[in-house]
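Data block below; observations after.
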Amino acid sequence: MKKYFVILLLITLVLTSLAAGVKFSLLTFYTTDLQTGSYNVWPIAYLNVPLTSTIGLRFEDYVMGSHKTFKIGNFNFMEPTYWYATYRSGNVSAYIGSFKSKHTLARQMYLLRVGGFYNTLTGAEVDFKNYTYDLGLMYDWKYSEISAFTGLEGNNYKIYLYVSKGNKITLSTNASLYVNSGNMSAKFWGAAAYDVDPAHISFGMPTVLIGGKTYFKSFEFSAQFADQPNSNAAKIWYDYNDPNKAGYPLKDFNSLFTYKLNRQNSIGVLANWNSNLITPTFGFQLTHGDLSLSVGNGDLNGGISGTQYVMLSYSNYFSIPLTTSPLFSSDRRW
């Protein structure tokens, strides 16, 4: 079924290659170890094909990742990492295909999260959201798993509950709070999650995460702490496989203090620690726009093998609008 859905999407893409509203974007992350020359380049390509004002097609591809292929006649074709159709109208949005389900308030610092959803899904999702509450339901037909979430939102807070059914039932909650007072503002976030085995139901301490970021004039301070107390508690999730942050029980602490010299440049100091390390990692960070140079006494990046004491990072994003409005639209231009 997935094969024919991808074929349909590709045919539609070809037919709409000159259609209005098509946009191509590329987000690339560059990370280099300045001592050894080891590096990691991770580009993500996006292609958005709106068909009407409410219906569209999206393709997302991790260019450097591995790819599945499918065959049409004697030709093999690469399958994008994610491919899905979208629907948005009023308070309702829906997705169907292979996509990343992103619903989390805890993924604020170093891409670390507890609970919520940031998962690859091959199936469908429906979301109803207004100014006060949010309701969502997801079904993964590949694994016959169902997930749901509900949330309340106010002017300065968000509170969400999540339920995911797989081999275990994962129960989690995320919350965020915003405070603004004169020259100082702050954002706080928290999360808790627990895995329940339906065959042996028991409860204990959940995995928790708490953190915050404060701004005062040119100064900014952020810190967070996460704790996975045992094997029954839910996992602490990272965007990449860091050997320093594996196993359980696991405690993790991150902090960063920066001073903005101007709109483009800042200097900062960091301190990171987790229970697998003998000593904390301390470092210095210089930032110019999307370019940053970090120097520390320990591993500064778990995404590159080895230990990075001196690291240069850069991110770049560009977008090319190919046409101006949806394909089936009265104001379509060629």
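At-a-glance table
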quantity	calculated
Members of region 44-87 that are β-branched (Val, Ile, Thr), within 20 Å of residue 321 (Cα to Cα) and assigned to a strand (DSSP E or B)	44, 49, 55, 86
Members of region 181-211 that are of a type in the set (Val, Ile, Thr) and surrounded by 13 or more Cβ atoms within 10 Å (Cβ to Cβ)	196, 207, 208, 210
Among (1) exposed (fewer than 15 other Cβ atoms within 10 Å of the Cβ); (2) within 24 Å of the chain's Cα centre (by Cα); (3) at pLDDT below 95; (4) not hydroxyl-bearing (Ser, Thr, Tyr), the one test that residue 250 misses	(1)
Filtered residues of region 35-51 (kept if on the phi < 0 side of the Ramachandran plot, loosely packed, with under 14 Cβ neighbours inside 10 Å and more than 25 Å from the chain's Cα centre (by Cα))	35
Among the candidates 136, 182, residue that is at pLDDT below 95 and either over 18 Å from the mean Cα position of the chain (by Cα) or of a type outside the set (Ser, Thr, Tyr) (or both)	182
Condition met for residue 162 (in contact (Cβ under 8 Å) with a residue 24 or more places away in the chain, surrounded by 14 or more Cβ atoms within 10 Å (Cβ to Cβ) and closer than 28 Å to residue 227 by Cβ)	yes
Answer residue from region 303-331, given it is within 22 Å of the chain's Cα centre (by Cα) and crowded, with 18+ Cβ neighbours inside 10 Å and is modelled with the highest pLDDT among those	313
Filter pass, residue 151 being free of Cβ contacts under 8 Å to residues at least 60 places away in the same chain, under 19 Å from the mean Cα position of the chain (by Cα) and within 15 Å of residue 106 (Cβ to Cβ)	yes
Any chance residue 32 is modelled with pLDDT under 95, β-branched (Val, Ile, Thr) and within 23 Å of the chain's Cα centre (by Cα)	yes
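The values are calculated or read from the model by the stated rules, or taken from the named source; none is laboratory data. Note that the structure is a prediction, hence the values are computed from the model and not measured. Counting neighbours? That spans all protein chains shown, and the Cβs are built from the backbone with ideal geometry, glycine included.
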